[in-house]
Amino acid sequence: MNGVETADVIVVGGGPAGSACATALIRGGRKVIVLDKESFPRTKLCAGWVSPGVFQALGLDPAAYPAGLHTFDHLVVHAWGMTLPLRTRQYSVRRVEFDDYLLRRSNATVIRHDVREIARAGEGYLIDGAFHAPHVVGAGGTRCPVHRHLFRAYSPHNKTLQIAATELEFPFAWRDPRCHLWFFDHGLPGYAWYVPKAGGWLNLGVGALSEPLRQRGQNLHEHWERLVTRLGRLGMIDDRPLTAAGYSYFLRERSGPWQNGNAFLVGDAAGMATRDLGEGIGPAIRSGIAVAEGILHGQPAMLDDISPLSVDELLNGTRRVACRALLRLLGVAPRQLPQAA
Ligand SMILES: Cc1cc2nc3c(=O)[nH]c(=O)nc-3n(C[C@H](O)[C@H](O)[C@H](O)COP(=O)(O)OP(=O)(O)OC[C@H]3O[C@@H](n4cnc5c(N)ncnc54)[C@H](O)[C@@H]3O)c2cc1C
């Protein structure tokens, strides 16, 4: 096709899902173009909490990660007036650095392009009349154009699983190096967080299921103000004015559909975030790799094995079993969702 860029696979979106998918495809010998509407490094609203399993999935030693990485020895969970310090090894990253690093590491051809139209063309897909490939992977986040054009009719996002989140990341000489999570405070159907980061950065935020929040006549702003007041009172922040910004995404619902012909969805575009903590980076990376493997081996995309629960990684033994049972009781972990191995 004249004037049309071609590849084996076009990945729409260069976040963790897209870069993980591109990395695996390129290692498997495929020519990949990643299209992203932003120029990297770009800002992504996110607390940037990552588990050791994320580095494992990436085949990356945390010690070899070249940008800022903060290690937590504790997650401090606050709920129903109780405080539970959980000993665990977890990390925080700055997404502006992490996503840029992963995308560069993929060695993909990255083109800045805001995808608007996707049409079936012959055996493949034509994007905005300018890019063609036999396979297209939608890794464009919540409002991914691949979902909009090729999936929406038979895979609409489930509004009852929509998370609204508001947050701010700012330079701050924090003193408490632990990650704090406040669950269900003042009827919040979600949690608020305090996530310190390397290099003197702090991320604060609040996330909740949108529908129950609306039904309770609440909004995120009032919970944000409550968090800031609480942290000020505890001496964990100073009295500078803090204004947060918002974003929404979808939690994991059920099996697929993640594939339509040779088009695929991964990460937030597929609604992969965990049901309990809304963790999206790990599921994005795992789904990107799983879809790449499906393409490389000519098999259907298999995302069922990716756990829909963060507790599967955070806890083990009886604590995991007990927590899963509690989540079922609360309706957070329905029975039809896949079980951890
Ligand atoms: C406030 C907040 C806090 C969070 N905290 C955490 C956390 O601590 N830990 C965690 O694991 N998860 C967290 N998440 C979830 C996590 O951020 C997402 O699940 C994750 O970023 C999904 O990655 P992705 O690659 O699917 O999408 P994204 O990271 O959103 O990447 C999508 C990419 O697609 C590009 N794109 C979009 N539209 C187009 C288009 N039309 N054309 C071309 N390119 C396009 C975008 O520019 C972007 O670069 C949080 C989310 C929010 C909102």
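The values are calculated or read from the model by the stated rules, or taken from the named source; none is laboratory data. Here the structure is a predicted model, which means the values were calculated and not measured. Glycine gets a Cβ as well: all are built from the backbone with ideal geometry, and neighbour counts include every protein chain shown.
Worth pointing out:
- Entry remark, segment 242-270: residues being modelled with pLDDT of 95 or more and more than 15 Å from the ligand (Cβ to nearest atom) number 1 in total.
- Matching strands (runs of 3 or more DSSP E) fully within segment 13-119 where at least 2 residues are at pLDDT below 95, more than 14 Å from GLY282 (Cβ to Cβ) and out of contact with any Lys or Arg (no Cβ under 6 Å at 6 or more places or on another chain): 69-79, 82-93
- Subset of segment 280-316 [within 16 Å of the ligand (Cβ to nearest atom) and at pLDDT below 95]: ALA301, LEU303, ILE306, SER307, PRO308, LEU309, SER310, VAL311, ASP312, GLU313, LEU314
- Taking the criterion of being more than 22 Å from ILE285 (Cα to Cα) and surrounded by 20 or more Cβ atoms within 10 Å (Cβ to Cβ), the only residue of segment 134-161 that qualifies is HIS149.
- Taking first residues from segment 243-270 that are in contact (Cβ under 8 Å) with a residue 24 or more places away in the chain and farther than 16 Å from ALA284 by Cα and partners that are within 12 Å of the ligand (Cβ to nearest atom) and charged (D, E, K, R), the Cβ contacts under 9 Å between residues at least 6 apart in sequence or on separate chains come to ALA244/GLU167; ALA245/GLU167; GLY246/GLU167; TYR247/LYS44; TYR247/GLU167.
- Residues (hydrophobic (A, V, I, L, M, F, W, C), over 18 Å from GLU279 (Cα atoms) and more than 6 Å from the ligand (Cβ to nearest atom)) located in segment 16-58: CYS21, ALA22, ALA24, LEU25, ILE26, VAL32, ILE33, VAL34, PHE40
- Within segment 101-117, restricting attention to residues that are touching a Gly at 6+ places or on another chain (Cβ under 9 Å) and under 22 Å from ILE26 (Cβ atoms), the residue that is nearest to the ligand (Cβ to nearest atom) is VAL115.
- The set of residues in segment 289-299 that are out of contact with any Asp or Glu (no Cβ under 9 Å at 6 or more places or on another chain) and surrounded by 13 or more Cβ atoms within 10 Å (Cβ to Cβ) comprises ILE289, VAL291, ALA292, GLU293, GLY294, LEU296.
- Beta carbons closer than 8 Å, at least 6 apart along the sequence or on distinct chains, pair a first residue in segment 45-62 that is aromatic (Phe, Trp, Tyr) with a second that is assigned to a strand (DSSP E or B) for TRP49/GLN90; TRP49/TYR91; TRP49/SER92; TRP49/CYS179; TRP49/TRP193; TRP49/VAL195; PHE55/TYR91.
- Cross-chain or 6+ apart pairs with Cβ under 6 Å, segment 106-118 first and in the same structural domain as SER39 (by TED's automatic domain parsing), then part of a loop (DSSP other than H, G, I, E, B) and more than 8 Å from the ligand (Cβ to nearest atom): ARG112/SER39; ARG116/ASP128; GLU117/ASP128
- Among the residues here, ALA67 qualifies as surrounded by fewer than 20 Cβ atoms within 10 Å (Cβ to Cβ), more than 13 Å from the ligand (Cβ to nearest atom), under 19 Å from PHE170 (Cα atoms) and not basic (Lys, Arg).
- Checked against (1) crowded, with 22+ Cβ neighbours inside 10 Å; (2) modelled with pLDDT under 95, ASP239 passes all but a single condition, namely (1).
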